[in-house]
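Structure record follows, encoded as structure tokens.
The values are calculated or read from the model by the stated rules, or taken from the named source; none is laboratory data. For clarity, every value in this text was computed on a predicted model and none was experimentally measured. As a convention, Cβ positions derive from the backbone with ideal geometry for all residues, glycine included, and neighbour counts pool all protein chains shown. In case anyone asks, the SASA skips ligands and DNA or RNA and just uses the protein heavy atoms, side chains included. Shrake-Rupley method; radii C 1.70, N 1.55, O 1.52, S 1.80 Å.
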Amino acid sequence: MELQAYWAIGIFLLIYAIIISEKIHRTIIAMIGAVLMVAFGIVSQETALHHIDFNTLGLLIGMMIIVGITAETGLFKYVAVKAAKLAKGQPRRILIALVVITAVCSAFLDNVTTVLLMVPVTLSITRQLRVNPFPFLFTQILASNVGGTATLIGDPPNIMIGSAVKELTFMAFINNLAPIAIIIMLSYIPLFLLLFGKQIKSTPALQESIMAMDEKAMLTDRKLLWKCLIVLALTLLGFFLHQSLHLESATVALSGAFLLLLLTGEHMLESAFASIEWPTIFFFVGLFVLVSGLVETGVIAQLAAQAIELTGGNELATSMLILWLSAIASAFLDNIPFVATMIPMIQEMGNMGVSNLEPLWWSLALGACLGGNGTLIGASANLIVAGLAGKEGYPITFMKYLKYGFPLMILSIVLSSIYIYLRYLM
């Protein structure tokens, strides 16, 4: 191995360790790592730019703008309150309703945005019922990560995989991942009631206070709402048809975003751009350049060769290795940098003679998305919910989350292992 490769590994591991420690904001340290890769001559600036996946960034930015403007209408508050009323104010039913809404929204928005919109409404409902909010917040974290697994746009790891592998279309993600996401969600719901049913009892009087809430008052701008719903529908249609239209998913998302801005007028421009999570976008940029150093120096190729040697190139063994490694790693590390490292490794396996890469891609997606449920630091949505809950005086500790989250995560990976085997490898 050349000296440049050792420098690349050293920089990558140092940056990764600081990201895990959370001593410095992950965006700042990822960008510093990217600058070091260029400054040390491991990759040129031109090569670094070539490795940045602008399709992933465009898709994220487009969806953030659409969701940011839609949130201004109060639609998501309306849906949550309406669901609570349909559940007759009964806490167990409300928990199930909010779980289902979170899972569905996470599939078609993204899980981080979904929890940002759902948590304040959930806390408002639990305050009125005077019940412990932890069961509601915890189950929504799991639902957001499982729901996000089902589609191309639901979770950042899926966006990255879909962008790197052009034949994995929006419909391919739904066809291959939605069935197992639904199975996992259906297996979770009775377990949620078993684990938390006794903790969320309320009184008839408090349940009546939920029924007295006016969900229509939550809709603050109906004219804007119609514009948002039309653009959302057109954007989702674009995702379904993007392959036959020969358009990248980023083009569809950005077209939807700027069509909505055209319809709403320039007074929405500043707030729309403020709703973009720029730290997340630059975190991705830094990671793409960091990983480019490992790709260009041949480190990724060597890792792929060792993985094939370990599994003997056997598709079942390789798929299970990627699924379980991704799940355990994503439970304790951020799944975004992990997936950024794994994508070129699986591509390299294809160059080394592994003929059918499809089960490997689905194993990576399932492992990375579902593994995030294992611990409080496993996915961005988990940390956001914990942060919002902490501000309201309901801290979620690492150990309390681990007690429930890790066993449920293992269950989802066992179900995923059976699914991968039966569907692709029998």
Kirkwood-based Rg/Rh on the Cα set of the stretch 331-400 evaluates to 1.17
Overall Cα dimensions of the stretch 110-177, principal axis frame, Å, largest first
49, 17, 14
So how many Å³ per residue does the convex hull of the Cα atoms of the chain work out to?
139 Å³
Lysine-lysine proximity count for the chain, Cα under 16 Å, sequence distance 8 or more or distinct chains:
5
So, in Å, what gap is there between the alpha-carbon centers of the stretch 288-315 and the stretch 158-222?
36 Å
To the nearest µm²/s, what D does Stokes-Einstein give for the stretch 267-383 at 20 °C and 1.002 mPa s, using the Kirkwood radius over alpha carbon pairs as Rh?
139 µm²/s
Would you mind checking the tilt of helix 170-196 against the longest principal axis of the Cα atoms of the chain, expressed as 0 to 90 degrees and rounded to 10?
50 degrees
Range in the chain, longest, excluding exposed trypsin sites (Lys or Arg not before Pro) [loop by DSSP; at most 14 other beta-carbon atoms within 10 Å]
202-426
How large, in Å, is the stretch 26-155 by the Kirkwood hydrodynamic radius built from its alpha-carbon pairs?
16.7 Å
Cα gyration tensor category, rounded, prolate or oblate, for the stretch 29-82 with a/c compared to 1.5
prolate
With everything on Cα atoms, drop me the angle between helix 3-21 and the longest principal axis of the chain, reported from 0 to 90° to the nearest 10.
20 degrees
First check a/c for the stretch 294-339, with a ≥ b ≥ c the square roots of the eigenvalues of its C-alpha gyration tensor; if it is under 1.5, answer rounded, and if not, answer prolate when a/b is larger than b/c or oblate otherwise.
oblate
State in Å² the accessible area per residue of the chain; use a 1.4 Å probe, count heavy atoms of protein chains only, and round to the nearest integer.
41 Å²
Integer Hz, Karplus 6.51/-1.76/1.60 couplings in order for the stretch 47-60, x for Gly and Pro
5, 4, 5, 4, 7, 6, 8, 6, 5, 4, 5, x, 5, 4
Could you state the number of Å between the C-alpha centres of the stretch 346-411 and the stretch 21-63?
22 Å
